Amino acid sequence: MTTQTQQTETIESEVRGYCRSFPTTFTKAKGSIMYNKANKEYVDFFAGAGALNYGHNHPRMKKALIAHLTDNGLIHSMDMDNTVKNNFLSKFKSVILEPRNLDYRVQFCGPTGTNAVEAAIRLARKVTGRSLVMGFTNGYHGMTQGALSLTANSYYRDTSSVLQNNTGFLPYDGYMGAGVDTLEYIDKLFTDPSSGTDKPAAIILETIQGEGGINVASTEWLQGLRKLTEKHGILMIVDDIQVGCGRSGSFFSFEEAGIVPDMVLLSKSLGGCGLPLAVVLLKPELDQWKPGEYNGTFRANSLSLIAATEALSFWEDEKLAIEIASKSRKIRVALQRITIQHTSHVKMLRGEGLVFGMEFYDPKLAEKVQKHAFQNGLIIETAGSTGQVIKFLPALTIDADVLQKGLDLFKNSIDYVIKMQTTPETPATQFASRLSGVSK
Ligand SMILES: *Cc1c(COP(=O)(O)O)cnc(C)c1O
């Protein structure tokens, strides 16, 4: 058994995670198909938690990377002036910022998402002179000290240390149920001098909470929050690390709401094909850094920038956005049908663009469906405070037939698991259940 072998023979720390959700040894991947050692195919509806929006090994990115290596292009240069960085910056400006009328400076920070969170909250504190930074219920921002202190799930939090200092949590859109406008409460907190809550330097949020279970903030709520933060002089930081780079349907997730955050964080799919890259986009007036004041060895990594520059080509016209919209409709219809078919087990479906979450009443059932789907050759993950949500995150570039195959695999898996749940197991069904698990 693969799981057993991996657990007993590895020297890897107990902290390892995804190899437990997907217990097989992978060898390669192309587009939205991953392969294991036995050459079994898996449809990837996980996309590196949003780091592979353009799929695995995109040919144009691969070609650009190989050409750069063959040419002895720089691989590492700190953030010294170089053509690769300049090309990326000018393309990011002309393809992403200018057409959207956005005026942001680009700060390269360490290469992972949590590095962008740290840099942004550090800058917010420096610029405002205030120390409190607030996040939202069910928010996820990463695992380093500052970012972790703004991550809501108690599984990750460390209450034994000083980590929680100078952070707080606000109720996200819908947190108190459909009838309650959480903005009213938030506004009161910052208006009432006796609320006991100091005015924060910044409020950080995801417009669609990824790890928190695909909670989608409404356009009105986002617009209201923007107004509220402006009114109280609080910086608004949008963490677009998971649902940016096209995941929500447009390059930035807040475009539909028509708001302009003070800072925007990008990572995950920014590096194009899974290479690490992160940036903080900041309004020019916030750019109060002194030269080199915030540093890091692996900022603006050249290989990541090569793939990132190539990835920006996807946004030179409307083609990808149109493709996302049509795939989004297809997924929504298919998953809605499944939701209706299994209303006694599935609570609701949420999502936008190519990020969907199916919430189960029973987290154990969600886990069973996830496991069974994996045995059938579909890679999906669970999210939410108790893992009660199955998350669908296919690559934006997924082929129509692979998307359909993944949806079929999911439907077969959930139908099967729910049928087994309600039908007492007989030797025959046990055999069938074992059969579906031996294909790897
Ligand atoms: C993944 C994620 C992060 C952290 O990024 P890492 O690269 O894992 O450090 C931060 N915020 C959001 C919304 C994320 O999804």
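The values are calculated or read from the model by the stated rules, or taken from the named source; none is laboratory data. Model, not experiment: these values are computed from the prediction. Neighbour counts run over all protein chains shown; Cβ positions are idealised from the backbone, glycine included.
Details
Condition check ((1) buried (at least 19 other Cβ atoms within 10 Å of the Cβ); (2) within 16 Å of the ligand (Cβ to nearest atom); (3) at pLDDT below 95) across all residues:
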site: PRO171; (1), (2), (3): no, no, no
site: TYR185; (1), (2), (3): no, no, no
site: LYS188; (1), (2), (3): no, no, no
site: LEU205; (1), (2), (3): yes, yes, no
site: THR229; (1), (2), (3): yes, no, no
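- Residues that are part of a helix (DSSP H, G or I) and either among the β-branched types (Val, Ile, Thr) or at pLDDT 95 or above (or both) occur at least once in the range 426-435.
- Going through (1) at pLDDT below 95; (2) crowded, with 16+ Cβ neighbours inside 10 Å one by one, THR112 falls short only on (1).
- Meets criteria (surrounded by 14 or more Cβ atoms within 10 Å (Cβ to Cβ), over 26 Å from LYS364 (Cβ atoms), within 16 Å of the ligand (Cβ to nearest atom) and of a type outside the set (Ser, Thr, Tyr)) for ALA47: no
- Test: residue in the range 178-186 that is closer than 21 Å to GLY351 by Cβ and out of contact with any Phe, Trp or Tyr (no Cβ under 7 Å at 6 or more places or on another chain): yes
- Considering residues of the range 340-360 that are surrounded by fewer than 17 Cβ atoms within 10 Å (Cβ to Cβ) and under 23 Å from the mean Cα position of the chain (by Cα) only, the residue farthest from LYS419 (Cα to Cα): MET348
- Scanning the range 373-402 for residues that are among the hydrophobic types (A, V, I, L, M, F, W, C) and outside any loop (DSSP other than H, G, I, E, B) gives ALA373, PHE374, LEU378, ILE379, ALA383, VAL389, ILE390, PHE392, ALA400, VAL402.
- Cross-chain or 6+ apart pairs with Cβ under 6 Å, the range 342-356 first and within 23 Å of GLU206 (Cβ to Cβ) and acidic (Asp, Glu), then in a strand (DSSP E or B) and modelled with pLDDT of 95 or more: GLU352/VAL216
- Restricted to the range 30-129, the set of strands (runs of 3 or more DSSP E) holding at least 2 residues that are assigned by TED's automatic domain parsing to the domain that holds THR382 and under 24 Å from ARG247 (Cβ atoms) comprises 33-36, 41-44.
- Residues within the range 96-134 that are within 18 Å of LEU312 (Cα to Cα) and polar (S, T, N, Q), tallied: 2
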